[in-house]
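Only the coordinates and a few stated rules stand behind these numbers; no lab work does. Please read all numbers here as calculations on a predicted model, not as lab measurements.
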């Protein structure tokens, strides 16, 4: 099992994915299953490249809107459905970058990261997002504010009406829990 890659799919999983795609092509209401399966991966992919939570959420939404609109034109070629979604995501991100550059005429900081994340990196980030969402509410909120919103301990304490020590403790416990969960799966 140590050599298994998280992105590798068994023939049964691939066949199931193909059936889900074909069902969604016949009935767009069935697209919800594909959305649920792929949301975290696509969000992690976009968030890695954009590095702004609000923009990542908007772009992820746009990716799935475009995927649903273009689903009838999707042809199964043996590659995972997520690969098609990542290609849409890349185009959506590039379009946003071009539009932002045009609007601002001078871009201080590029919106995209310089390197393309690997599928393994995207899978790892999706797992972290999933684990964070399973934390107790207070820990989850502190972790999100600290790392996604990049707020200081003092800002979080003020916003939550807690002491800085309490916020540090919530952050510590949340991170400790995440490390233990990641350690269980990574050995």
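Computed over the stretch 134-187, the Cα gyration tensor eigenvalues convert (square root of 5λ each) into semi-axes of 22, 10, 9 Å, ordered from largest to smallest.
One compactness figure for the stretch 9-115 is 1.17, namely its Cα radius of gyration divided by 2.2 N^0.38 Å. Distance between Cα centroids, the stretch 128-146 to the stretch 17-91: provide it in whole Å. Value for the Cα centre distance between the two parts: 24 Å.
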